[in-house]
Amino acid sequence: MGKTGAPERAPDVAGPGDTAVEELERALTGVARTILRLGVPPQALRDGEQIDRSGYWALVRLDESPTPVRLSDLAASLELDLSTVSRQVRDLVGTGLVTREPDPLDGRACLLSLSGRGRAVLDAVREARRDVLRDALSAWSANERATVAAAVARLAYGLHDAAPWSPAPETTRPQSSRAAASR
C-alpha cells in the first residue's frame, strides 16, 4: 500500500504515449465539463432565489463541515480569495440559504452554516445530479456501476498521491475495486 492507503504502482507503470491514459484524460475532461455545466435546476429554487455554481460549491463545503465555519476557513476550503467568497456568502445569506452568527470566541469574526432552506436546496441539487447519473447509467449493470464508482474513487486518491500539492479528495478512502464491485 502507498502512503495514503492506495495500492503501490503495478509493474506495468503507465508512461508517455500510453493511449489508455490519454483516453482517460480526454474522458475525464468531458465528464468534468459536463458536471460543471450541471447548474442548479430551477425547480430546486423558489421564486426570487438564485444560486450560481460558486454558490453551490460554498453550500457543499458548509454541508461537509461538522461545525459552523469562519469565512476565512470557507475561502481556504474553496481555494478562492476571501473577497470573492465574502461576496458569495453575502448573497447566500441574503437569500436565506446560509446563516451568519457572531463567533463567540472572536467578536470580530462570524460563523457560517447552512440554513434549513440551504440544506433543502442542496439536497434538491444533489438529487437532480443523481437523476442525471441514473439516466446516464441506466443501461449499465449494478456490477458495472459499482466498478466504475470504485475506480473513480480510487483514481481520486491516486491523483492526490501523484500531485500532493493538490487538495485531498472529498470522498472516503476507496476499498479495493474487487471488494467494492462485489457489493
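Here, each number is a calculation from the coordinates, and none is a lab measurement. Because the structure is a prediction, the values reported are computed rather than measured. Positions of Cβ are backbone-derived with ideal geometry, glycine not excepted, and every protein chain shown enters the neighbour counts.
Remarks
- Proximity of backbone amide H atoms, modeled 1.01 Å from N, is registered between ARG70 and LEU112 at under 5 Å, excluding neighbours fewer than 5 places apart on the same chain.
- Sequence ranges 38-47, 83-92, ranked by mean other-Cβ count within 10 angstrom, highest first: 83-92, 38-47
- Treating r as the C-beta distance of ASP131 and LEU105 and R0 as 41 Å, the FRET efficiency rounds to 0.50.
- Convex hull volume per residue for the range 43-121, taking Cα atoms only, in Å³: 87
- Under the Karplus curve 6.51 cos²θ - 1.76 cosθ + 1.60, θ = phi - 60°, whole-Hz ³J(HN,Hα) for the range 26-36, x wherever Gly or Pro sits: 5, 5, 5, 4, x, 5, 4, 4, 5, 4, 5
- Length released on extending from ARG46 to ALA162, taking residue separation times 0.36 nm less the Cα-Cα span: 37.5 nm
- Residues whose amide H lies under 5 Å from that of ALA109, counting only those 5 or more places away or on a different chain, are ASP103; hydrogens are built 1.01 Å from N in the peptide plane.
- Fully extending the segment from THR84 to ASP18 would add 19.8 nm, taking 0.36 nm per residue of separation and subtracting the current Cα-Cα distance.
- Inter-label distance for LEU28 and GLU144, nm, one decimal - labels placed 7 Å from Cα along Cα-to-Cβ: 2.2
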